[in-house]
Structure formats: C-alpha cells, structure tokens
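Working notes for the structure below.
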Amino acid sequence: MFTACEKSTGDITANRNSVSSNENTEAVTVNKAFTFDVNAQGWKIDSGATLAFVPFGGTPGGCIRGTDNGAATYWYFKAPAGLLKLIRSQNTTGGNFRLDFDLRAQSSNNTNQPDVIIVSPTATLVVAIADEPNDAGYKHFSVPFIHAGGWKFTTLNGTPATTGQIKKALHTITKLLIRGEFDVAAGNIALLDNVTFATL
C-alpha cells in the first residue's frame with residue numbers, strides 16, 4: 001500500500017501564464033529522478049488534460065502541472081520512454097523497486113479509480129493510494145513494486161498480483177501512469193514533482 005506524508009504549500013493555481021509547453025525535442029534518456037526544475041523531462045498527459053512545465057510551485061523548484069480539459073474522464077501523467085527503459089533493464093537484475101513522487105491535487109473527491117497503472121503486453125496492473133492528495137500542500141507517496149503494495153490485475157477489484165507477476169510486467173512495461181484527476185469537474189489542476197524510481 002502507498003504511504004504518504006505532507007509536504008510544502010503554495011497556490012496551486014498561481015501565475016498560469018508563467019509556464020512552458022511539455023512539447024520538446026529531447027532525445028530519449030535514461031533517468032531515474034525527475035525534479036522538473038528546467039523542463040517537463042519528457043513527461044506527458046495520457047489524455048484528458050493539458051500538461052505544462054511550471055518553473056516554480058514545486059517542492060522545491062519547478063513542477064509539472066496538468067489541467068483538466070473538461071472531458072469528464074480521469075486523466076493521468078504519463079512517464080517518458082527513458083524511465084520505462086530503465087525500469088525494464090533493472091527488472092532483469094533481480095531486487096525490488098519502488099516509485100516515489102510528490103503530488104498535489106486541487107480536488108480529491110473520488111477514491112475509486114486506480115492511482116498508478118502499469119501497462120505491459122501481457123498484463124495491466126493497478127494500485128490505489130491509501131491517502132488521497134489534496135490542495136493543502138504536496139503529499140509524498142511511495143509505492144513498492146511488490147505483492148504487499150496492493151497491486152491488482154486490470155481493476156481495483158481484480159485478482160491480486162504476486163511479486164513475480166509484477167516484476168514480469170515491469171520487465172516488459174510499455175506505459176506507467178500516475179493519476180492527476182480526482183474529480184471529473186472541468187478545470188481541475190494537479191501538480192507532480194520529484195518522481196523517483198529507486199531500490200526498495
């Protein structure tokens with residue numbers, strides 16, 4: 001299960017004009033830490049929102065911000081190809097890993113959706129956050145890629161995944177998603193910072 005702790009505060013909607021687009025021409029790089037102090041580092045939105053790099057408002061420094069486009073769907077931050085490459089390579093060496101990130105959401109009225117999703121050619125695995133983010137400040141989340149982390153197949157009501165099954169999915173991962181939408185009301189905002197892939 002996820003663990004969470006409170007982080008710093010600030011105005012989640014501050015200075016919407018001081019942003020940069022997530023579109024860039026960066027080459028695929030292998031990176032296990034994303035602090036978003038210069039740009040979006042290849043992160044995107046899967047669908048349903050607009051992504052922007054914000055040079056302030058992080059914890060500390062910059063962050064990336066997703067703004068709901070009113071599609072009435074739950075949208076997700078999507079990890080770049082470089083991180084997926086790293087995850088695939090590390091899961092050939094044994095050992096267990098975790099995903100850490102700081103998240104702040106303008107609204108958190110729905111807890112019945114997957115919060116992190118792993119997609120591979122053989123399986124889709126999902127997990128729920130025990131303590132939802134909110135607008136009071138960033139919360140730090142750490143999710144282990146092991147059975148005890150609460151991973152399920154396909155839906156939150158699905159069959160629990162074993163550590164071996166999780167590692168198999170990570171070895172061929174094609175998509176990693178972190179939820180940014182916790183209320184389908186139009187215009188909701190979420191901020192993501194300090195995403196790290198690390199040894200458990």
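Taking a straight line from the alpha carbon of LYS167, these lysines sit under 29 Å away, with near neighbours fewer than eight places off in the same chain left out: LYS32, LYS44, LYS78, LYS85, LYS139, LYS152, LYS175. Distance between the modelled labels on ALA72 and THR124, one decimal in nanometres: 2.0 nm (7 Å Cα→Cβ projection). Converting phi to 3J(HN,Hα) with the Karplus coefficients 6.51, -1.76 and 1.60 and the offset θ = phi - 60°, region 77-88 yields 6, 10, 5, x, 4, x, 5, 4, 4, 4, 4, 4 Hz in sequence order, with x at every glycine or proline. Counting Lys and Arg as +1 and Asp and Glu as -1 over every other residue whose Cβ lies under 12 Å from the Cβ of GLY61, the net charge comes to -3.
Taking all Cα pairs closer than 8 Å and separated by 6 or more residues, the relative contact order of region 132-178 comes to 26 percent.
With an 8 Å cut-off on Cα pairs and a minimum separation of 6 or more residues, tell me the relative contact order of region 99-187 in percent.
Working: 167 pairs, mean separation 35.2, N = 89.
Result for region 99-187 is 40 percent.
Close amide H pairs (under 5 Å, H built 1.01 Å from N) link ASP37 with GLY62, residues at least 5 positions away or on another chain.
Values quoted throughout were computed directly from the atomic coordinates according to the rules given, and no laboratory measurement underlies them. The shown structure was predicted, so the numbers you read here are calculated from the model rather than taken from an experiment. When we count neighbours, we look across all protein chains shown, and the Cβ atoms used for this are built from the backbone with ideal geometry, even at glycine.
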